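Asker: Here it is, the structure in full.
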Amino acid sequence: MVNLVIDGKKIQAKEGITLLEAARENGIDIPTLCSHESLEPSGACRLCSVEVTKGNRSKIVTSCIYTVEEGIKVNTESERVKKVRKLIMELLLARNPDSDVIIELAEKLGVKPQKRFLPDHDKGKCILCRLCIKTCETIVGVSAIGFSSRGATKIVGTPFDEESDVCIGCGACAYVCPTGHIQMETTGDTRTIWGRTFKMTACNVCGRYFAPEDQLKYISQKTGVPLKELSTCTSCR
Amino acid sequence: MNTQKITKNKIKGIIGRHEAEKTSLIAILQDMQNEFRYLPKEALVAVGKHLDMPLARVYEVATFYNAFSLKPRGRYLVEVCAGTACHVKGGFNLLAKLERELKIECGQTTKDGTFTLEQVRCLGCCSLAPVVRIDNDIHAYLTQDKIPRILKKYRK
Ligand code: SF4
Ligand code: FES
Ligand code: FES
């Protein structure tokens, strides 16, 4: 166990966990966008920045990737933290002015759009956190999407921006995206995502269209469960 | 260097020269770029298969580095340095002159496939500024009036 102080509260935490985890375990809230409990943290959005004091030195760190250390004092609401958080939020607002999630979060933190940061209108709602790519790679296991290019032109998508032949239409990427960037439309017997349209399977009990055919085939192939057994939706099973 | 015809065998040959390990990726892509003057889609697909790496990962790397091109490049790559020293010494005038001479814009390839015009950041020889690199030749202290003669040499 490691002893530390967060916002004046004495805390014991398991070695190796992050400051964010330790704070949350103790009911201390730190705003985040790109951290997800089922995925390795990447420290992409910087919103979870906090101030760490060791001896008489202090520094700003990203709490979702900084692990707990013996004897440190962590401040999640100091003036310095508030200033940094405000700046990060202002920049996010300028990059993704159309993301409801970001607009709401900014409002919650009392941050307004700044004239000095010209808003972008070509980035959609994407903050380039890589959560969707990691989900597709490590949880779904197909790697249909990735980043391309770099710097100001970096975007997320399928290779060559073409219909992916490995995508199974599961929609996990759209589900995990913190800002609602990924468009997925399900209407009756079809679902469209990343420019490709999938046929949906109807539940063989209730008749509701519940999953893309390709997804069920993929699960069947991976698990060895016959396709027929998978063709019943979760509510009818 | 001539633009090579893309064949399955050539792709296989290049890939075969490298170990089937993730760390070979960039080296393979470099060899492909040298051979074909760009990275054809089928080559990227083949590399992915060989290294057991998803196409999305290969594509990330291929689009990340400026040294790689996904569009066919001309026989000669003309790179105008836009680093600080070359910029201060008027590199942008050289670019404008090249655009006029080649009748293309930066990033494009001439119709006959001879030249591709691109801009790069600092070629690492600032004391020779302003410079233009054509294939692997550095043209130092370049002025606009020297450009037509230089281009003629490559056209032959
Ligand atoms: S699409 Fe969403 S999850 Fe994917 S990188 Fe962008 S913000 Fe992150
Ligand atoms: S939540 Fe820590 S950097 Fe995004
Ligand atoms: S700026 Fe052109 S070579 Fe360095």
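The values are calculated or read from the model by the stated rules, or taken from the named source; none is laboratory data. Computed from a predicted model, the values in this text were never measured in an experiment. All Cβ positions, glycine included, derive from the backbone under ideal geometry; neighbour counts span all protein chains shown.
Asker: Given the conditions (1) aliphatic (A, V, I, L, M); (2) over 22 Å from B:PHE64 (Cβ atoms); (3) within 14 Å of chain B (Cβ to nearest Cβ), report the number of the one that A:ALA152 does not fulfil.
Answerer: Going through (1) aliphatic (A, V, I, L, M); (2) over 22 Å from B:PHE64 (Cβ atoms); (3) within 14 Å of chain B (Cβ to nearest Cβ) one by one, A:ALA152 breaks only (2).
Asker: Now for a different question. Cβ-Cβ distance below 8 Å, separation of 6 or more or different chains: which pairs start in the range A:167-184 with a residue that is at positive phi and end on one that is within 8 Å of ligand 1 (Cβ to nearest atom) and in a loop (DSSP other than H, G, I, E, B)?
Answerer: Taking only residues 6 or more apart or on different chains, the pairs are A:GLY180/A:LYS125.
Asker: Which one of the conditions (1) over 23 Å from B:TYR38 (Cα atoms); (2) not in a loop (DSSP other than H, G, I, E, B) does B:PRO130 fail to meet, given that it meets all the rest?
Answerer: (2)
Asker: Answer with yes or no whether A:ASP189 is under 19 Å from A:CYS45 (Cβ atoms) and more than 16 Å from ligand 2 (Cβ to nearest atom).
Answerer: no
Asker: Answer yes or no as to whether A:ILE145 is more than 16 Å from ligand 3 (Cβ to nearest atom), within 14 Å of chain B (Cβ to nearest Cβ) and closer than 30 Å to A:LYS217 by Cα.
Answerer: The answer is yes for A:ILE145.
Asker: Which members of the range A:29-49 meet the condition of being surrounded by 19 or more Cβ atoms within 10 Å (Cβ to Cβ) and away from ligand 1 (no atom under 16 Å from the Cβ)?
Answerer: A:ILE30, A:SER49 - these are the residues of the range A:29-49 that are surrounded by 19 or more Cβ atoms within 10 Å (Cβ to Cβ) and away from ligand 1 (no atom under 16 Å from the Cβ).
Asker: Filter the range A:154-183 down to the residues that are closer than 17 Å to A:LYS199 by Cβ and surrounded by 16 or more Cβ atoms within 10 Å (Cβ to Cβ) and list them by number.
Answerer: A:SER164, A:VAL166, A:CYS167, A:ILE168, A:GLY169, A:CYS170, A:GLY171
Asker: Quick check: is even one residue across the range A:44-62 farther than 21 Å from A:LEU128 by Cβ and in contact (Cβ under 8 Å) with a residue 60 or more places away in the chain?
Answerer: No; the residues of the range A:44-62 include none that is farther than 21 Å from A:LEU128 by Cβ and in contact (Cβ under 8 Å) with a residue 60 or more places away in the chain.
Asker: Output the residues belonging to the range A:46-63 that are within 15 Å of ligand 2 (Cβ to nearest atom) and hydroxyl-bearing (Ser, Thr, Tyr).
Answerer: A:SER49, A:THR62, A:SER63
Asker: Please specify each residue of the range A:155-181 satisfying the condition of being closer than 19 Å to A:ARG95 by Cα and more than 12 Å from chain B (Cβ to nearest Cβ).
Answerer: A:CYS177, A:PRO178, A:THR179, A:GLY180, A:HIS181
Asker: Now, a different point. Does B:ARG100 meet the test of being touching a Lys or Arg at 6+ places or on another chain (Cβ under 6 Å) and either assigned to a loop (DSSP other than H, G, I, E, B) or not assigned by TED's automatic domain parsing to the domain that holds B:GLY16 (or both)?
Answerer: The answer is no for B:ARG100.
Asker: How about the range A:112-133: which of its residues are within 16 Å of ligand 2 (Cβ to nearest atom), among the hydrophobic types (A, V, I, L, M, F, W, C) and more than 14 Å from chain B (Cβ to nearest Cβ)?
Answerer: Result: A:CYS126, A:ILE127, A:CYS129, A:LEU131.
Asker: Let me ask another. Of everything in the range A:185-230, what is of a type in the set (S, T, N, Q) and either over 26 Å from A:CYS132 (Cβ atoms) or touching a helix residue (DSSP H, G or I) at 6+ places or on another chain (Cβ under 7 Å) (or both)? Give them in sequence order.
Answerer: A:THR201, A:ASN204, A:SER220
Asker: So, of the residues in the range B:39-75 that are of a type in the set (Phe, Trp, Tyr) and surrounded by fewer than 20 Cβ atoms within 10 Å (Cβ to Cβ), which turns out to be nearest to the other protein chains (Cβ to nearest Cβ)?
Answerer: B:PHE64
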